[in-house]
Amino acid sequence: MKSFRLDRFLTLYFFHFFNRRMQTSGELGVPILMYHSISDDREHGVHPYYKINTAPTIFADHMRFLSENNYSVIDLESLKNCFDKKHKLNTKYAVITFDDGYQDFYANAFPILQKYGFTATVFLPTSFISNEKLKLKGKDHLNWDEVKALSKAGISFGSHTVTHPQLSTLETEEVEYEIKLSKMVIEDKLGKEIDTFSYPFKFPEENKVFITLLRNILQKHGFRYGVSTRIGSVLKKDDIYFMKRIPINTGDDIPLFHAK
């Protein structure tokens, strides 16, 4: 018997209903799904809502659900078209993202995405890529050969900084270094422009001064889109540099995944 989870109860019986009311009133929201690791690794001492691992079998269920329910899986650059008045409100869109550039994306997630013809965006902390000594959560990361192969196969890549710090604690010069260098490295390795960014850790939405600074730095270095850890679907009025996402993990069975 599953233990009671308040977040599950609210998502299934309150937020999902509220979101459907918004959509029927003409307020089209697009979910950006936030995954991290696609693996069977266990996580202990972490609230179910904040776990980062999704079992490959669960991830396959999620992708099958999107396919069977006729979701159009798009990239971040295509989001603006979803808010065009020419698009029907009953068209269902979703964006799939992965933070941290874990190696299990290549091994476990990509084959499932290929099966359904889905694209995704993977955000890379560049100092961890092809570096066996550096790991986040003790996990291996992609190497540049894998990144190049995935890019050629239609997977998009974006910046997740260089060293994965909490940017709001850094000096301005350090923030700019993390953003500028990560973009330069990915572009150099892939030979193409990178214009998407994912904010590491909890987004400091109460720090308006820092947010303005960060937006200016992102614009200065050619970024056009960004996502954060703020929770929710994306609306037309939202800031394109700090878009909300829906955290997904192995605890999301199909009823909860559908509601999210």
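Counting pairs of alpha carbon atoms under 8 Å apart in space and at least six apart in sequence, what relative contact order in percent does the chain give?
On the way: 430 pairs, mean separation 61.1, N = 260.
About 23 percent, as a whole number.
Using a 1.4 Å probe on the protein chains only, how many percent of the accessible area of the chain belongs to carbon and sulfur? If you can, show how the numbers build up before the last one.
On the way: 6920 of 13390 Å².
The nonpolar share, carbon plus sulfur, comes to 52 percent.
Let a ≥ b ≥ c be the square roots of the eigenvalues of the Cα gyration tensor of the stretch 54-131; is it rounded (a/c under 1.5), or, if not, prolate (a/b larger than b/c) or oblate?
On the way: a/c = 3.32, a/b = 1.50, b/c = 2.21.
Judged from the Cα gyration tensor, the stretch 54-131 comes out oblate (a/c at least 1.5, b/c at or above a/b).
Can you spot the lysines whose alpha carbon is less than 19 Å from Lys148's alpha carbon? Ignore those fewer than 8 places along the same chain.
Within the straight-line limit of under 19 Å, Lys148 reaches these lysines: Lys183, Lys189, Lys192.
Given Cβ point charges of +1 (Lys, Arg) and -1 (Asp, Glu) and nothing else, what value in debye, to the nearest 20, does the dipole of the chain about its Cα centre take? If you can, show how the numbers build up before the last one.
Details: 35 positive and 32 negative charges, 198 e Å.
Dipole magnitude for the chain comes out near 960 debye.
For the chain, the longest stretch holding no GluC sites (Glu not before Pro) located in a DSSP loop with at most 14 other Cβ atoms within 10 Å is which? Walk me through the numbers on the way to the answer.
Details: sites that count: Glu27, Glu132, Glu171, Glu193, Glu205, Glu206.
So the longest stretch without any such site is 28-131.
Can you show me the helix-derived [θ] at 222 nm for the chain, built from DSSP H runs with n ≥ 4 at -39,500 (n - 2.57) apiece and divided by the number of residues, rounded to the nearest 500.
Numbers: 9 runs with 85 residues, N = 260.
Calculated at 222 nm, the ellipticity per residue is -9500 deg cm²/dmol.
Return the single residue from Thr172, Thr121, Thr161 with maximal mean-square fluctuation; model: Gaussian network over the chain, springs between Cα atoms under 10 Å.
Thr172
Counting heavy atoms of the protein chains only and a 1.4 Å probe, report the per residue accessible area for the chain as a whole number of Å².
Working: 13390 Å² over 260 residues.
For the chain, the solvent-accessible area averages 51 Å² per residue.
Top to bottom by accessible area (1.4 Å), largest first, where do Asp145, Asp100, Asp239 land? Please list the in-between numbers first.
Working: Asp145 115, Asp100 10, Asp239 50 Å².
Putting Asp145, Asp100, Asp239 in descending order of accessible area: Asp145, Asp239, Asp100.
Just check the chain against the gyration tensor rule for me: Cα atoms, a ≥ b ≥ c as the square roots of the eigenvalues, rounded for a/c under 1.5, and otherwise prolate or oblate depending on whether a/b exceeds b/c. Walk me through the numbers before you get to the answer.
Working: a/c = 1.40, a/b = 1.22, b/c = 1.15.
Judged from the Cα gyration tensor, the chain comes out rounded (a/c under 1.5).
Mind running the shape call on the stretch 64-178? Use the C-alpha gyration tensor, a ≥ b ≥ c as the square roots of the eigenvalues: rounded below 1.5 for a/c, prolate if a/b tops b/c, oblate otherwise. Write down the numbers at each step before the final one.
Numbers: a/c = 2.67, a/b = 1.47, b/c = 1.82.
It comes out oblate by the Cα gyration axes.
Which of the lysines could be linked to Lys244 by a straight reach, that is with a Cα gap under 19 Å, when you skip same-chain ones fewer than 8 residues away?
Correct list for Lys244: Lys51, Lys80, Lys92, Lys202, Lys208, Lys236, Lys260.
Give me the three principal axis extents of the stretch 112-260 from the C-alpha atoms, as integers in angstrom, largest value leading.
So the three principal-axis extents are 42, 37, 30 Å.
The values are calculated or read from the model by the stated rules, or taken from the named source; none is laboratory data. Keep in mind that this is a model prediction, so the values were computed, not measured. Don't worry about glycine lacking a Cβ; one is built from the backbone with ideal geometry, like all the others, and counts go over all protein chains shown. When the accessible area is computed, the model is the full protein with side chains, heavy atoms only, and any ligands, DNA or RNA have been set aside. Shrake-Rupley method; radii C 1.70, N 1.55, O 1.52, S 1.80 Å.
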